[in-house]
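The values are calculated or read from the model by the stated rules, or taken from the named source; none is laboratory data. Owing to the predicted nature of the structure, the values given are computational and were not obtained by experimental measurement. Positions of Cβ are backbone-derived with ideal geometry, glycine not excepted, and every protein chain shown enters the neighbour counts. Areas reflect the complete protein model, heavy atoms only, side chains present, ligands, DNA and RNA absent. Shrake-Rupley method; radii C 1.70, N 1.55, O 1.52, S 1.80 Å.
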Amino acid sequence: MARWDAQAEERLRTAAIELFLELGYENVTVAQIADRAGLTRRTFSRYFTDKRDVLFAGSERLPGLLAGALSRADPELTPFEALLTAMADVGAVLGAHVASHAVQRRDVIARSPELQERGRTKFADVADALATGLVQRGCQVANATLLADVGVAIFRTGFRRWVDNPDRDDLAVCLRQAGAELVDAIATCSDG
């Protein structure tokens with residue numbers, strides 16, 4: 001076996017997701033993943049801390065990426081416009097990074113309460129980072145917290161739509177559409 005394999009990480013991710021879908025996340029071991037990929041447990045450990053990391057690797061960077069994009073948004077934008085701009089900016093990069101396994105990843109997470117809880121924790125971290133960024137832009141804390149929670153709902157909606165139909169639009173477009181639909185819904189409700 002070669003000492004370095006340029007495709008090892010992708011082979012491990014593919015093997016893990018296949019096994020998670022076949023056997024259930026809780027019933028799969030790291031040894032099974034490595035074996036399915038034709039690699040060793042040691043190689044697995046070079047790329048992932050544990051089997052959950054196969055699905056969430058890199059997600060710890062999402063709060064910082066969104067907060068950074070929010071801080072770079074035009075200062076003339078309203079807080080909500082800045083929030084949408086930040087999500088679209090990050091979505092443009094994120095979509096390309098997660099596209100290859102997005103549908104399967106979603107299906108694995110939907111079948112596991114443990115993974116669903118990890119997803120909720122991830123989005124709580126995103127909301128905290130967005131709220132902090134909005135406060136730094138001049139929002140009052142209560143308004144920043146509310147907008148951050150709304151931003152997470154928009155992000156999840158746009159992401160879900162993109163996963164359901166990734167060939168239709170890119171992730172950034174789906175995020176912007178979800179935000180626009182919310183604005184339209186609010187306007188419609190206040191008109192009636």
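From the list Phe56, Phe48, Phe44, the lone residue that is within 24 Å of Arg160 (Cα to Cα) and aromatic (Phe, Trp, Tyr) is Phe56.
Looking at Ser59, is it hydroxyl-bearing (Ser, Thr, Tyr) and within 30 Å of Leu21 (Cα to Cα)? Considered against the rule, which asks whether it is hydroxyl-bearing (Ser, Thr, Tyr) and within 30 Å of Leu21 (Cα to Cα), Ser59 comes out as yes.
Look at Leu70 and say whether it is part of a helix (DSSP H, G or I) and either touching a helix residue (DSSP H, G or I) at 6+ places or on another chain (Cβ under 8 Å) or of a type in the set (Val, Ile, Thr) (or both). For Leu70, the condition - part of a helix (DSSP H, G or I) and either touching a helix residue (DSSP H, G or I) at 6+ places or on another chain (Cβ under 8 Å) or of a type in the set (Val, Ile, Thr) (or both) - is met. So for segment 24-41 (the condition being open to solvent by 60 Å² or more (accessible area, probe 1.4 Å) and closer than 19 Å to Ala102 by Cβ), does at least one residue qualify? No, there is no match, as no residue in segment 24-41 is open to solvent by 60 Å² or more (accessible area, probe 1.4 Å) and closer than 19 Å to Ala102 by Cβ. For segment 157-189, the set of residues classified as over 25 Å from Pro75 (Cα atoms), of a type outside the set (Asp, Glu) and open to solvent by 90 Å² or more (accessible area, probe 1.4 Å) consists of Arg160, Arg168, Thr188, Cys189, listed by residue number. What is the residue count in segment 22-49 for residues that are under 24 Å from the mean Cα position of the chain (by Cα), within 24 Å of Glu60 (Cβ to Cβ) and assigned to a helix (DSSP H, G or I)? Qualifying residue count, segment 22-49: 8.
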